[in-house]
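Q: One structure, as structure tokens, below. Some questions next.
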Amino acid sequence: MQKIKIAPSLLAADFGNLQRDVELVNQSEADWHHIDVMDGVFVPNISYGMPVIKAIQKHATKPLDVHLMIVDPDRYIAKFAALGATYLTVHYEACTHLHRTVQAIKAAGMKAGVALNPHTSVQLLENVIQDVDLVCVMSVNPGFGGQSFIPNTFAKVKGLKSLITENGSAALIEVDGGVSSANATDLIAAGADVLVAGSFVFKSEDPKATIKSLKG
Ligand code: DX5
Ligand code: ZN
């Protein structure tokens, strides 16, 4: 069995020492850099935009996993491709024409992800799951780091795993929000392939050791 992938969320990094924290992820056993983009409209918070992501990209040595919490993400697909994103994830709730958006992300040379808010059923992906490279199950309401994990996520991950298997999809299951050693093992057992962790990694005493411990 493939080892779990860990994607530390730079939202919890020290922005005054961004290069240091990106390099910390480079040197760790983490697999991807998770980059949260918030527009203050889709979610009640603004994180960072293109110039900061460009600076991250300059130092990052692992794939960039970009999570867009923005309305009308189609407008920025070409820009994120130019910034070197490997995965570009849009929210189901922000896309009126999700199938078109997914195809546009792939046509731009990236892997396409779809994120689901805690209230959004995994069954709603039934008709697009074969086209998707990653599904990000939000285990908190998006917008902020450091929130409490919603336990219903375990059932959602199991349901999503069945949907993926039944449809012969190759989509990876990512879980994002409140991930820690308290839920990682159960999430992996439920079918998670990628764990995003912000606060649990960057607020810990030894982030590299914390990443290693999540890898199991
Ligand atoms: C929340 C973001 C998450 C966040 C996770 O809206 O999508 O990626 O940074 O942070 P923690 O791990 O602190 O919940
Ligand atoms: Zn995220």
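No value in this document is a laboratory result; all are computed from the given coordinates. For clarity, every value in this text was computed on a predicted model and none was experimentally measured. Here Cβ is always computed from backbone atoms with ideal geometry, including for glycine, and neighbour counts include all displayed protein chains.
Q: Add -39500 (n - 2.57) for each DSSP H run of 4 or more in the chain, then divide by its residues: what number comes out at 222 nm, to the nearest 500 deg cm²/dmol?
A: After summing the helix terms and dividing by the residues of the chain, the value is -9000 deg cm²/dmol.
Q: Going down the table (K54/K79; K54/K111; K158/K212; K5/K111; K5/K62), which pairs top 22 Å between alpha carbons?
A: K158/K212
Q: State the Kirkwood hydrodynamic radius of region 157-214 in Å, one decimal place, computed from all pairs of distinct Cα atoms.
A: Details: mean 1/r = 0.0816 Å⁻¹.
Kirkwood radius, region 157-214: 12.3 Å.
Q: Find out how many positive minus negative residues lie around D72, taking Lys and Arg as positive, Asp and Glu as negative, among other residues whose Cβ is under 14 Å from that of D72.
A: Values: positive: R75, K79, R100; negative: D39, D74, E93.
Its environment carries a net charge of 0.
Q: Run the Debye formula on the Cα coordinates of the chain, all scatterers equal and no solvent, and tell me log10 I(q)/I(0) at q = 0.13, 0.15, 0.16 1/Å.
A: Once normalised to I(0) and log-transformed, intensities are -0.66, -0.91, -1.05.
Q: Just want to confirm a number: the relative contact order over the chain, from Cα pairs under 8 angstrom separated by 6+ residues, in percent. All intermediate terms of the calculation are to be shown ahead of the outcome.
A: On the way: 440 pairs, mean separation 47.0, N = 216.
Once normalised by length, the contact order is 22 percent.
Q: So what J values fall out for region 135-143 if you push phi through Karplus, 6.51 cos²θ - 1.76 cosθ + 1.60 with θ = phi - 60°, rounded to Hz, Gly and Pro as x?
A: Residue by residue, region 135-143 yields 10, 9, 8, 6, 9, 9, 6, x, x Hz.
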